[in-house]
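Trainee: I am attaching a structure below and will ask some questions about it afterwards.
A short reminder: the numbers here are calculations on the coordinates, not readings from a lab. The model shown is predicted, which means the values in this text are computed figures rather than measured ones. Positions of Cβ are generated from backbone atoms using ideal geometry, with glycine treated the same way; all protein chains shown enter the neighbour counts.
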Amino acid sequence: MEFYEVIRTRRSIRSYKPDPVPEDVLRRVLEAARIAPSGSNRQPWKFIVVRDEEVKRRLVEACHNQSFIAEAPVVIVACGYNIHYNRGGYMGDMSMLVDVAIAFTHLILAARAEGLGTCWIGSFDNEAVKRILNIPDDVNVVALTPLGYPRGEGFSEPGPRKSLEDIVSVDRFQ
Ligand SMILES: Cc1cc2nc3c(=O)[nH]c(=O)nc-3n(C[C@H](O)[C@H](O)[C@H](O)COP(=O)(O)O)c2cc1C
């Protein structure tokens, strides 16, 4: 699939078919995250692939009952190791958020290229997800996504976005 079509037609999918995700497809999607760039190539990430129905049900609770998450055959939980050094600026321990977000974006776009739906889930209880998945103290959850084939309409052109004129300025902040 052409790259710009991938990014233009990726949508947050909130309804899924139960059809399984083939192993080779899942692997390609995870591989896209694996090769993402990160500050100083730290790769401070871990991706948990959840298929177990009971674990998915508990994750829905930890995501404030966003029940569509468990419709998908797979849920991927993106985690980041807290980084205790800071090479450039104010982000400190939380600079891993940037790295993990880049890798998760790779994953989400690769999923779209494979015809798979995703929905970036940022509304979750970090401590609850950590308890459910046995995530250690020095690791935090950055995002989750259901992963599966969309039910119904699925992919479409983007919804409303700010114009380029609104978000781009030249030579200085304007
Ligand atoms: C950081 C972040 C957190 C988000 N959290 C949620 C969420 O918890 N639940 C949800 O349904 N959508 C969530 N979304 C999806 C956004 O609502 C969605 O990306 C936005 O409305 C644009 O729609 P689109 O993804 O279809 O282009 C989140 C997206 C991002 C990037």
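Trainee: So for Trp45, Trp120, fewest C-beta neighbours within 10 Å to most, what's the order?
Mentor: Trp120, Trp45
Trainee: Then there's this: Just want the ordering: Leu109, Leu59, from fewest to most Cβ atoms lying within 10 Å of their own Cβ.
Mentor: Leu109, Leu59
Trainee: To continue, here is another question. Using Cα positions and a limit of under 15 Å, work out the aspartates and glutamates in reach of Lys56, with same-chain residues fewer than 8 apart set aside.
Mentor: Straight-line reach from Lys56, under 15 Å: Glu71, Asp125.
Trainee: Among Met91, Met1, Met96, which comes first, then next, by fewest other beta-carbon atoms within 10 Å?
Mentor: So the residues, fewest neighbours to most, are Met1, Met91, Met96.
Trainee: Also, quick follow-up: Tell me the label-point distance for the pair Glu157, Phe173, using the 7 Å Cα-to-Cβ offset, in nm and rounded to one decimal.
Mentor: 3.4 nm
Trainee: Here's something else I'd like to know. Considering Cα pairs under 8 angstrom that are at least six residues apart, work out the relative contact order of the range 74-125 and quote it in whole percent.
Mentor: Result for the range 74-125 is 23 percent.
Trainee: Right, something else. Would you mind estimating how fast the chain diffuses translationally, via Stokes-Einstein at 4 °C and 1.567 mPa s with the Kirkwood radius over Cα pairs, in µm²/s?
Mentor: Rounded to a whole number, D works out at 75 µm²/s.
Trainee: Under a plain spin-label model, where a point goes 7 Å from the Cα along Cα-to-Cβ, how far apart in nm are Arg27 and Val49?
Mentor: That separation, rounded to one decimal, is 0.9 nm.
Trainee: Another one. So if I place +1 on the C-beta of Lys and Arg and -1 on the C-beta of Asp and Glu, and nothing else carries charge, what would the dipole magnitude of the chain be about its Cα centre? I want it in debye, nearest 20.
Mentor: Approximately 40 debye in magnitude.
Trainee: Something else about it: Where the centroid of each part is defined by its Cα atoms, how far is the range 118-135 from the range 58-103 in Å?
Mentor: The distance from the Cα centre of the range 118-135 to that of the range 58-103 comes to 8 Å.
Trainee: What FRET efficiency comes out for His64 versus Thr9 if R0 is 35 angstrom and r is the Cβ-Cβ distance? Round to the nearest 0.05.
Mentor: 0.80
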